[in-house]
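Report on the structure given below.
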Amino acid sequence: MNFLANLGRVVLALLTEIGSIVLFIKDALVQGLTPTIYGRQIFDQILKVGYNSLPVVGLTAFFTGGALALQIYLGGSRFNAESLVSTIVALGITRELGPVLAGLMVAGRVGASIAAELGTMRVTEQIDALTTLATNPFKYLVGPRILAGVITLPILVGIADIIGIMGGYIVGTRSLGFNSYAYIKSTSDFLQVDDVVSGLIKAAVFGFIITLMGCYHGFHSKGGAQGVGRATTNAVVSSAILILAANFVLTSLLFSE
Amino acid sequence: MDETAYITLKDVRKAFGPKKVLNGINLTVPKGRSLVVIGGSGTGKSVMIKTILGIVRPDSGSIAIGGEEVTRLKGKDRDQFLQRFGMLFQGAALFDSLPVWENVAFGLIQGRNMGRKQARDIAMEKLRQVGLGPEVGELHPAELSGGMQKRVGLARAIAADPEIIFFDEPTTGLDPIMADVINNLIVDSVKRLGATTISITHDMASARKIADRIAMIHKGEIIWQGTARAVDTSGNPYVDQFIHGRAEGPIQMEILKA
């Protein structure tokens, strides 16, 4: 009996959480992304979410591109497929690794900071204070962050694609002995617009997930410093898992033909 | 009292899950009067104020301001309704990302679309009214002491000349002298604006100073109300225990039961 009671409690808690996330999404879209628009807030958030994430996303992409080139070269040499390095690096980065790794890095960096900031604002009553100053917190806090996520993640991933492919190119030409011209030519011959676009679509979805989870957990944090810490952890963990799950779903949708 | 009620709460109830926080609150405040609600921690004081503002939605009951039902207001109507309010929060709740003057001017700039320069002038004037110079306006809230933060919070609450002001534990955490300074500022600014106010506190010195009327809340119900002077001769054992700060009496703390 105890087991059943516990199971029931877990299921109920899960359903409550899902329900409250869905309601939050509704408020975020209906209230947060409709006028009044706070231009300055949106601009600030684009800088914070996008521009400040460039170094970490760029470095991740660079090293991943390089490591990918090495792996494919070593693995491919078992069946004389070393020549595929440039193509696989380009496809792997643009379709999968670029958006996923950038998404995860931004989740760690931005998702956590959004949850911590809004969580602190919640427990110190700053969010209530916004309301009493006739400012809708969804419009002032949530909308700009989500908008910034959806706008900047594709840009970040576009840059990550370029840097990642460049990482592969540097390793390929400097240490694996590829001819520079041939490497670039085979990359541009085989890489299609769809490959890049599919990655950018993924990125926009990931941007939505990261900022939404950051805002949701921040908004619902309670109980002082510990509560804010918990909100931060939950924001990062839930957005990381949702990114990986959404990546699978999007991959099967985008490449289903 | 034969003054007509301006703020009226009728049988307001609110529960968080199984926990009943407001158990049928009935309360009236005449226009231009100052009501102080006293009561221990966790008796529903803050929740009561938040239901009036619409931050917390009551489960049932009616809240009317100037005869207008406000519990179901939404969107633009609600924003306009909130423009009539000012609130001083317990921890001041200043926005730590903004300098002091922008905190004070926030409701003017964001809520009322006033130009920044004009809003800044008003903010500096309000800061002066609470005894803070223009140099404080440029600082960030984290650089201020607790008493100064409270004063900035007060300046923010009165910045838009509201009709109704709420004070949530205005003196908690301050030394007695600073507490009295805040009390005086509250009395002064309320008089200047002619505002209707509800304050919640457990500081009796503060209650006596700022109240026209006092109401006591216990377990989500108003158990006594009367004029500020009548509080000493209420004959109500709960009120007597509270104002004299005794551990023994009809109010038992949770710790004793556990």
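The values are calculated or read from the model by the stated rules, or taken from the named source; none is laboratory data. Everything numeric in this text was worked out from a predicted model, so none of it was measured. No Cβ is skipped: glycine too gets one built from the backbone with ideal geometry, and neighbour counts run over all protein chains shown. Heavy atoms of the whole protein, side chains included, go into the accessibility calculation; ligands, DNA and RNA do not. Shrake-Rupley method; radii C 1.70, N 1.55, O 1.52, S 1.80 Å.
Annotations for the structure displayed:
- 1 or more residues open to solvent by 30 Å² or more (accessible area, probe 1.4 Å) and small (Gly, Ala, Ser): qualifying helices (runs of 4 or more DSSP H) within the range A:30-108: A:39-49, A:54-76
- Residue check, B:Lys45 of a type outside the set (S, T, N, Q), crowded, with 22+ Cβ neighbours inside 10 Å and modelled with pLDDT under 90: yes
- For the range A:139-171, a residue qualifies if it is within 14 Å of chain B (Cβ to nearest Cβ) and crowded, with 24+ Cβ neighbours inside 10 Å, and the qualifying residues are A:Leu141, A:Gly143, A:Pro144, A:Arg145.
- Residue count for the range A:20-61, restricted to those that are within 13 Å of A:Ile159 (Cβ to Cβ) and among the aromatic types (Phe, Trp, Tyr): 1
- Among (1) modelled with pLDDT of 85 or more; (2) more than 19 Å from the chain's Cα centre (by Cα); (3) assigned to a loop (DSSP other than H, G, I, E, B) - the single one B:Ser62 does not satisfy: (3)
- Out of B:Met204, B:Met253, one residue alone is modelled with pLDDT of 85 or more and within 27 Å of B:Thr51 (Cα to Cα). It is B:Met204.
- Any hit, the range A:113-126, residues being away from chain B (no Cβ under 14 Å), within 30 Å of A:Asn179 (Cα to Cα) and under 19 Å from the mean Cα position of the chain (by Cα): no
- Selection from the range A:76-87 of residues that are closer than 13 Å to A:Met166 by Cα and among the aliphatic types (A, V, I, L, M): A:Val85
- Residue check, B:Ile223 within 25 Å of B:Leu9 (Cα to Cα), out of contact with any Leu (no Cβ under 7 Å at 6 or more places or on another chain) and within 14 Å of chain A (Cβ to nearest Cβ): no
- For A:Tyr183, the conditions (1) more than 14 Å from every other protein chain (Cβ to nearest Cβ); (2) closer than 30 Å to B:Asp168 by Cβ; (3) in contact with a Gly (Cβ under 6 Å, 6 or more places away or on another chain); (4) of a type in the set (Ser, Thr, Tyr) all hold with the exception of (2).
- Within the range B:88-107, the set of residues being touching a helix residue (DSSP H, G or I) at 6+ places or on another chain (Cβ under 6 Å) and open to solvent by 10 Å² or more (accessible area, probe 1.4 Å) comprises B:Leu94, B:Asp96, B:Trp101.
- Among the candidates B:Asp180, B:Asp161, B:Asp175, the residue that is within 30 Å of B:Gly66 (Cβ to Cβ) and acidic (Asp, Glu) is uniquely B:Asp161.
- Matching residues, the range B:73-100, being of a type in the set (Lys, Arg) and touching a residue at least 60 places away in the same chain (Cβ under 8 Å): B:Arg84
- The set of residues from the range B:135-159 being among the charged types (D, E, K, R) and closer than 21 Å to B:Ala195 by Cβ comprises B:Lys150, B:Arg151, B:Arg156.
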